[in-house]
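Below is one structure, written out as structure tokens; comments come after it.
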Amino acid sequence: MLTELKKVERQAISQAADLLAAGEVVAFPTETVYGLGADALNSAAVAKIFAAKGRPADNPLIVHLYQAEQAEALAYTNELFYTLAKAFWPGPLTLIVPKKDCVPAIVTAGLDSVALRVPAHPAARWLLQAGKMPLAAPSANSSGKPSPTLADHVYQDLQGKIPLILDGGAVNIGLESTVVSLVSSPPAILRPGKISYAELLPYLPNLLPPKALAAAEAPRSPGMKYTHYSPQGQVLLAAGGAVFLKAYRSLPKDKKLFIIATSQTAALLPQEAAPFVIAQTGDIQAYAHNIFAAFRSADAAGAELILTETVPVQNDDVSMAIMNRLNKAAGIGS
Ligand code: TXA
Ligand code: MG
């Protein structure tokens, strides 16, 4: 199959809408990462998503909506759902709610709940409006690869497997949405993202605190058992500054190394370290934005060991989401 890569404009959106109506898949930008979409109510179309990604059938998809009210047709909602929708949509929050029968089992991997999100990216909104259908869409990477933050990442992974990639340039956030389960009691963050625990707490006073999450998380989100976000090389983590320098010095020098550090830490390293400077030290938005691209660069360089600087964790910013992805990449706690 020929994979077309097209800038987001009227003709490309209408071609994408036609493909979706014909039961095809299309990759498109969202504010978090690129998604691979198909008509959420068409099982055969959704099956093409799993096939293109090589995604295990027991990992359910997120259904993307143009507006929150479309949830009525697909799920059982309540006041809390709409309060959260009003506060955070369109935006990088996914809500898990009980599903209605019309949502095919393939979308939810047989679960009786469905994940819903109203994305904020203008191209995603344009496509959802033009397509006039809810779109089931996971991240548009091959299963097991880091999520794509550029159209070119999608092309690298899915070239020849999908008909069209809408190119909207670099995504804004760079990490996948915060996933909150409203079907578990108490409500829980299944996947941390840009919308933080502290931001959610005013709306969900009994939301499970992040520390409790690690111990309790396993059974609730099928996707969590897979090692996502892993580069080919082995990922090692170290805090910044002197700690990082020490970790660097202890690395075996006969291995192909790839060093990911923030600006201040990078300045401490010897020249031969040739670090990938991911962000200015302390700029965690930029760190989040660049981490998946950094891992892809490590792969492209054929790195065997990838020493990566960690970020200090706080409740009220994207740091928890970054550490969640770094720990997964390093095989810690997954
Ligand atoms: O930002 C994002 O969320 C991106 C963009 C494209 O919207 N999408 C994304 O989708 O990251 P995906 O499939 O890569 O991750 C969806 C996560 C998985 O961990 C999956 O297990 C979980 O959401 N999930 C989906 N439906 C669920 C459900 N009914 N119950 C529990 N977890 C669910
Ligand atoms: Mg994914």
Exercise. So which of Leu150, Leu135, Leu111 ends up being under 19 Å from the mean Cα position of the chain (by Cα), among the aliphatic types (A, V, I, L, M), at pLDDT 95 or above and closer than 19 Å to Ala40 by Cβ?
Worked result: Leu135
Problem set entry | Members of segment 105-136 that are in a loop (DSSP other than H, G, I, E, B) and under 16 Å from Gln70 (Cα atoms) | Val118, Pro119, Ala120, Lys132, Met133, Pro134
For this session: Keeping to segment 1-15, report how many residues are touching a residue at least 40 places away in the same chain (Cβ under 8 Å), out of contact with any Leu (no Cβ under 7 Å at 6 or more places or on another chain) and assigned to a helix (DSSP H, G or I).
Result: 1
Exercise. If you check Ser184, Ser113, which single one turns out to be open to solvent by 10 Å² or more (accessible area, probe 1.4 Å) and over 23 Å from Pro56 (Cα atoms)?
Worked result: Ser184
Seminar exercise, completed: (1) small (Gly, Ala, Ser); (2) open to solvent by 40 Å² or more (accessible area, probe 1.4 Å); (3) part of a strand (DSSP E or B) all hold for Ala38 apart from (2)
Exercise. So which of Ile62, Ile96, Ile13 ends up being within 20 Å of Pro148 (Cβ to Cβ), out of contact with any Cys (no Cβ under 9 Å at 6 or more places or on another chain) and within 16 Å of ligand 2 (Cβ to nearest atom)?
Worked result: Ile62
For this session: Output the number of residues of segment 254-275 satisfying the condition of being within 23 Å of Arg296 (Cβ to Cβ) and open to solvent by less than 60 Å² (accessible area, probe 1.4 Å).
Result: 12
Exercise. So Thr94 clears everything in (1) surrounded by fewer than 16 Cβ atoms within 10 Å (Cβ to Cβ); (2) hydroxyl-bearing (Ser, Thr, Tyr); (3) not in a helix (DSSP H, G or I) except one condition, right? Which one?
Worked result: (1)
For this session: Report whether or not Val33 is more than 12 Å from ligand 1 (Cβ to nearest atom) and modelled with pLDDT of 95 or more.
Result: no
Problem set entry | Qualifying residues in segment 79-91 (those that are in contact (Cβ under 8 Å) with a residue 60 or more places away in the chain and not aromatic (Phe, Trp, Tyr)) - the one surrounded by the fewest Cβ atoms within 10 Å (Cβ to Cβ) | Thr83
Exercise. Inside segment 163-178, can you point out the residues that are surrounded by 23 or more Cβ atoms within 10 Å (Cβ to Cβ) and in a strand (DSSP E or B)?
Worked result: Ile165, Leu166, Thr178
Exercise. Mind checking whether some residue in segment 64-71 is within 30 Å of Pro202 (Cα to Cα), modelled with pLDDT of 95 or more, surrounded by fewer than 14 Cβ atoms within 10 Å (Cβ to Cβ) and of a type in the set (S, T, N, Q)?
Worked result: yes
For this session: Kindly indicate whether Asp18 is open to solvent by 60 Å² or more (accessible area, probe 1.4 Å) and either assigned to a loop (DSSP other than H, G, I, E, B) or under 27 Å from Gly193 (Cα atoms) (or both).
Result: no
Exercise. Counting only residues that are more than 16 Å from ligand 2 (Cβ to nearest atom) and either open to solvent by less than 30 Å² (accessible area, probe 1.4 Å) or modelled with pLDDT of 75 or more (or both), how many does segment 206-253 have?
Worked result: 26
Problem set entry | Condition check for Tyr82: of a type in the set (Ser, Thr, Tyr) and in a helix (DSSP H, G or I) | yes
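The values are calculated or read from the model by the stated rules, or taken from the named source; none is laboratory data. Everything numeric here is computed off the predicted structure, so don't read it as measured data. Because the Cβ atoms are built from the backbone with ideal geometry, glycine has one as well, and the counts that use them run over all protein chains shown. With ligands, DNA and RNA removed, areas are computed over all heavy atoms of the protein, side chains included. Shrake-Rupley method; radii C 1.70, N 1.55, O 1.52, S 1.80 Å.
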